[in-house]
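**Q** Structure in structure tokens, see below.
The values are calculated or read from the model by the stated rules, or taken from the named source; none is laboratory data. Not measured: the values here are computed from a predicted model. Cβ placement follows ideal geometry from the backbone for every residue including glycine, while neighbour counts extend to all protein chains displayed. We work out accessible area using only protein heavy atoms, side chains counted, and drop any ligands, DNA or RNA first. Shrake-Rupley method; radii C 1.70, N 1.55, O 1.52, S 1.80 Å.
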Amino acid sequence: MRSGLRGVSRNVFLLGVVSLFGDVSSEMVVPLLPAFLVALGGGAEALGIIEGAAEATASFFKYLSGRWADRARRLLPMAIGGYAIAAAVRPLLALAAHPWHVFAVRCVDRVGKGIRTSPRDKLLAASADRDRLAEAYSFHRGMDHLGAAMGPLLATALLLWWPGRLRLVFALAAIPGALAVALLFAVRETPTSPSPSPSTFPSPSPSPSTPTSSSPSTSVSGPPRRLLASIFLFTLGNSTDALLLLRAQGLGVPTALLPALWTVLHVVRAATSWPLGRLADRLGRRASLAAGWGWYAFCYSGFAAASAPWHAWVLFVAYGPVAGLTEGTERALVASSVVAGRRGRALGVYNLVSGFGLLAASVLAGEVWDHVSPAAALGLGASLAAAAAVLLLARPGAPQAA
């Protein structure tokens, strides 16, 4: 299975590169949306609603695509279709004249994301050893963040060449999106039979070579409810990162430097995701996830208290490792909690829970931001993240998940 970079399988590596180009395309756009919306007459409330609705749309389709993934013989057609939808619709932002136009484009873009994510995540899980799932997912997320770092740099270069032409940048985002779709055809997949109904699965039993104290037992029905509840509670405070750009702008960071600030964040994420994912597999995924949520709470408290432009730069750097501690680890905990034939549905449920939490979080944060203060919105996020970490670890008498 391992034929790639330092033990990463060929498929994991290719899917990572696909994600890199997909995020180059996406992140040429996202850092510019707050300023673009303001120019169209929107604000923090509009941004929160648009991004929250977009993520909720993605999550609903992630759930559906997860169910389809468990019934399909091949996963690649769904992944290709999802990437193609996003690549085709994203450049239409160049034609937006009102905030609701941005709303429509972002939601259709996220339909594509929803269709591709659960099948792709199931394919990733099938391409890695079970005891290295966090590493595989974190490698993929690291490549995703590398693309998210390159996208704003490219957008900045284009804006320096063509000052003020945001719409041109949006249109050119079609190019890396098309490359992502093309690269998917290099991924190899072995067709499988659709998964049988849950009643036909044998009861899973732990491997005699794997201690039950360090590996979770697999379930036929779905991920543990306590895990999903903890993820949902954290997500309620995990509003769109676009609001952090708005916070940076409010602290005095010039609009022209916002893409560079976004790049700094994703460079840190790209550099730390894979190593922290490997560490989670070795030292414990549950503890890694709780540590990530705790660090998130610390960083958001810092954003709430910040008062100068340089604070934003320091906090964006400090905030970066949260992704490495949490993103791949969450997926690995969910994927390892069910039998292989039910991973698509489990990942779909996880994406549905987290996505609708993001919708509530972004709308709530936008409302509190506009009607109370940015510090209050950020402080609320910090409190919910800390509470989620406590809930995740408060499992008396239960074995610790890997």
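**Q** Which length gain, in nm to one decimal place, applies between residue 256 and residue 393 when the Cα-Cα distance is subtracted from 0.36 nm times their residue separation?
**A** Here the segment from residue 256 to residue 393 would lengthen by 45.1 nm.
**Q** Could you state the number of Å between the C-alpha centres of region 338-362 and region 148-168?
**A** Spelled out, the Cα-based centre of one part sits 33 Å from the other.
**Q** Now, a different point. Can you give me the angle between helix 225-236 and the longest principal axis of the chain, using Cα atoms only, in degrees from 0 to 90, rounded to the nearest 10?
**A** Helix 225-236 sits at roughly 10 degrees to that axis.
**Q** Return the sequence-ordered ³J(HN,Hα) values of region 35-46 in whole Hz as given by the Karplus equation 6.51 cos²θ - 1.76 cosθ + 1.60 applied to θ = phi - 60°, using x for Gly and Pro.
**A** 5, 5, 5, 4, 5, 8, x, x, x, 4, 4, 5
**Q** Considering only protein heavy atoms, what per residue accessible area in square angstrom results for the chain with a 1.4 angstrom probe?
**A** 39 Å²
**Q** Follow-up. Probe radius 1.4 Å, ligands and nucleic acids left out: which of 100, 68, 274, 293 has the largest accessible area, and how do the rest follow?
**A** My answer, sorted largest first, is 100, 68, 274, 293.
**Q** Turning to a different aspect of this structure: At 1.4 Å probe size, what's the solvent-accessible area of residue 345? Round to the nearest 10 Å².
**A** 80 Å²
**Q** Pulled fully out, how much extra length does the chain show between residue 167 and residue 97, if you take 0.36 nm times their separation in residues and subtract their Cα-Cα distance?
**A** Taking residue 167 through residue 97 to full extension adds about 24.1 nm, to one decimal.
**Q** Right, here's the next one. If I compute solvent accessible area with a 1.4 Å probe over the protein chains, what percent of it on the chain is carbon and sulfur?
**A** 68 percent
**Q** If you don't mind, another one. Report residue 285's accessible area, 1.4 Å probe, all protein chains in place, as a number in Å² to the nearest 10.
**A** Accessible area of residue 285: about 10 Å².
**Q** Using Cα-Cα distances under 8 Å and only pairs 6 or more residues apart, what relative contact order does the chain have, in percent?
**A** Over the chain, the number comes to 30 percent.
**Q** Ordering 102, 264 by accessible area with a probe of 1.4 Å, largest first, what comes out?
**A** In descending accessible area the options line up as 264, 102.
**Q** Here is a further query. May I ask for the distance between the Cα centers of region 49-112 and region 257-305, given as a whole number of Å?
**A** 26 Å
**Q** How much accessible area does residue 295 have with a 1.4 Å probe, in Å² rounded to the nearest 10?
**A** 90 Å²
**Q** Evaluate 2.2 N^0.38 Å with N set to the residue count of the chain, then give the Cα radius of gyration divided by it.
**A** The chain yields a ratio of 0.94.
**Q** While we're looking at this one, here's another question. For residue 338, enumerate residues with amide H under 5 Å from its amide H, sequence gap 5+ or separate chain, H modeled in the peptide plane.
**A** 219
**Q** How large is the helix-only mean residue ellipticity at 222 nm for the chain, computed as the sum of -39500 (n - 2.57) over DSSP H runs with n ≥ 4, divided by its residue count, in deg cm²/dmol to the nearest 500?
**A** Computed mean residue ellipticity for the chain: -24000 deg cm²/dmol.
**Q** Tell me the angle of helix 285-305 to the major Cα principal axis of the chain, expressed in degrees between 0 and 90 and rounded to the nearest ten.
**A** So the inclination is approximately 10 degrees.
**Q** Then there is this: For the chain, set up a Gaussian network in which alpha carbons nearer than 10 Å are linked by springs, and say which option among 153, 233, 183 fluctuates the most.
**A** Evaluated over the chain, the most mobile residue of the options is 183.
**Q** Quote the FRET efficiency, to the nearest 0.05, computed for residue 370 versus residue 74 with a Förster distance R0 of 30 Å and r equal to the Cβ-Cβ distance.
**A** Calculated transfer efficiency: 0.05.
**Q** To test your reading of the geometry: what angle, between 0 and 90 degrees and rounded to tens, separates the Cα axis of helix 321-335 from the longest principal axis of the chain?
**A** 40 degrees
**Q** Considering only protein heavy atoms, with the full assembly of protein chains and a 1.4 angstrom probe, order 98, 140 by accessible area, largest first.
**A** Heavy-atom accessible area, descending, gives 98, 140.
**Q** Pop out the ³J(HN,Hα) list for region 92-103 in order, Karplus 6.51 cos²θ - 1.76 cosθ + 1.60 with θ = phi - 60°, rounded to Hz; leave Gly and Pro as x.
**A** Result, rounded to whole Hz: 5, 4, 4, 9, 5, 10, 9, x, 5, 5, 4, 4.
**Q** Which one, 95, 333, 279, has the greatest fluctuation when you compute a Gaussian network model over the chain with C-alpha springs under 10 angstrom?
**A** 95
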